[in-house]
1. Take the conditions under 23 Å from the mean Cα position of the chain (by Cα), surrounded by 22 or more Cβ atoms within 10 Å (Cβ to Cβ) and over 27 Å from Val300 (Cα atoms) and apply them to Leu243. Does it pass?
2. Anything in segment 219-245 that is assigned to a strand (DSSP E or B) and over 30 Å from Leu149 (Cβ atoms)? List them, or say none.
3. Please verify whether Tyr49 is part of a strand (DSSP E or B) and surrounded by 16 or more Cβ atoms within 10 Å (Cβ to Cβ), treating the condition exactly as stated.
4. Quick test of your reading of the structure: Ala41 fulfils all but one of (1) over 25 Å from Ala134 (Cα atoms); (2) assigned to a loop (DSSP other than H, G, I, E, B). Name the failing condition by number.
5. For segment 246-267, which positions are within 20 Å of Arg171 (Cα to Cα) and in a helix (DSSP H, G or I)?
6. Does any residue of segment 125-140 turn out to be in a helix (DSSP H, G or I), without any contact (Cβ under 8 Å) to a residue 12 or more places away in the chain and farther than 25 Å from Asp238 by Cβ?
7. Would you mind listing the strands (runs of 3 or more DSSP E) fully within segment 327-380 where at least 3 residues are over 23 Å from Ala155 (Cβ atoms)?
8. Kindly list the number of the only condition in (1) over 18 Å from Ser327 (Cα atoms); (2) surrounded by fewer than 19 Cβ atoms within 10 Å (Cβ to Cβ); (3) not β-branched (Val, Ile, Thr) that fails for Arg194.
Amino acid sequence: MTRVDELQQTLQSEHLDGWLFFDFRRSNAVAHHVLELSPHAFFSRRWMYYVPATGTPTKLVSSVESHVLSGLPGNTLVYRSWQQYQHHLAAMLTGAGRVAMEYVPDNAIPYVSLVDAGTVELVRGLGPEVVSSADFAQRFEAVLSPTQLESHRAAGHALMGALNRLLPRLREQMLGDSLMTEYSVQREFGDMMRDAGLVIHAGEEPLVAVNGNAANPHYSPTAERHAIVRKGDLMLLDFSAPLAGDDAIFADYTWMVYLGDQVPERIKTLFGIIREARDDGVSLIQQRFESGQRVEGYEVDDAVRAVVTRAGYGDAFVHRTGHNIGSRVHGNGAHLDNLETHDTRPLLANTCTSMEPGIYLPDENLGLRTEVDILLLPHGIEVTGEPRQNEVIALLA
């Protein structure tokens with residue numbers, strides 16, 4: 001089955017007349033991914049590719065670079081002027097009633113709302129109703145093959161193995177009064193991850209943060225900016241990576257470590273809240289998937305956030321509950337989000353998501369997060385990063 005066949009099957013199942021892909025200077029990453037265009041191709045002019053629910057696709061390209069969609073099947077219309085561009089577009093869409101584009105009302109899901117308002121207005125002015133491709137575009141971007149699912153599991157095992165090698169080493173250094181910094185721990189952890197066969201891309205070193213730095217969810221130490229690590233500190237470790245391979249899938253986990261012999265009650269209490277929130281989110285997804293019910297990203301975020309809010313820390317949970325995971329750590333499928341965005345996309349079978357509630361209290365010099373990943377399988381779920389963290393590790397106990 002060709003990609004066009006897959007697209008047309010999707011359009012028919014969604015009762016749409018066509019999918020209109022638009023791009024200007026690589027403004028529409030979804031179009032490039034779905035159409036499997038070369039990442040090295042250069043596009044300096046507007047182009048469109050229209051896939052009808054049945055029949056032959058049509059390419060609309062500039063005379064300046066009429067070759068840009070040559071690898072895609074279909075008829076080709078070439079424009080020189082903006083008037084020809086609009087004339088050809090009208091011809092392409094003749095008879096179309098409902099057409100999908102990378103557009104979301106109110107820009108509610110910016111990851112997939114990539115077509116500018118003017119282009120949407122132009123298409124609407126020619127007659128069709130423009131509907132969002134957000135729900136089903138992820139079928140072509142986020143759904144994982146059996147090999148990819150296994151690569152995620154393998155990456156998860158490798159990450160947890162690296163963590164289990166790091167912790168005794170940190171204990172040894174702490175008991176030996178060695179000088180430790182966030183940056184030195186990051187470097188050591190990264191080396192252990194690489195030794196386990198994991199690939200760490202530029203800018204994706206493990207996050208290591210103690211005390212108040214952990215209250216900044218995306219804090220990462222550098223050679224120039226880092227804190228000294230001391231006994232009695234609370235350390236956040238956020239670590240993600242795939243194994244080698246173009247289609248290898250990331251795993252992404254967060255653990256909390258107390259660098260002392262007895263975890264303070266305050267830290268235990270806060271961690272207990274996010275642990276409960278995490279597990280409630282996992283249970284919701286599990287129940288929906290096992291019963292074959294639709295579950296949307298925002299619903300999971302609401303359920304997880306409700307636990308933190310009831311405990312009095314809703315304002316301290318400052319990010320979404322989770323993100324899609326693919327060959328990029330932040331993939332382009334549905335996210336568990338009703339805070340930063342209103343993600344109404346359904347969670348699809350054979351995709352992967354993180355689950356990572358947190359509480360961040362800069363005034364108390366505290367930040368905590370717990371994170372596991374979930375493989376969403378056709379008849380249930382599989383949590384990776386097991387055994388999941390159920391209490392803060394007391395490193396020196």
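The values are calculated or read from the model by the stated rules, or taken from the named source; none is laboratory data. Fair warning: this is a prediction, and the values are worked out from it, not measured in the lab. Don't worry about glycine lacking a Cβ; one is built from the backbone with ideal geometry, like all the others, and counts go over all protein chains shown.
1. No; evaluated as a whole, the condition is false for this residue.
2. Ile228, Val229, Leu234, Met235
3. The answer is yes for Tyr49.
4. Looking at each condition in turn, Ala41 falls short on (1).
5. Ile267
6. Yes - at least one qualifying residue is present in segment 125-140.
7. 358-361, 366-369
8. Here Arg194 meets the rest and fails (1).
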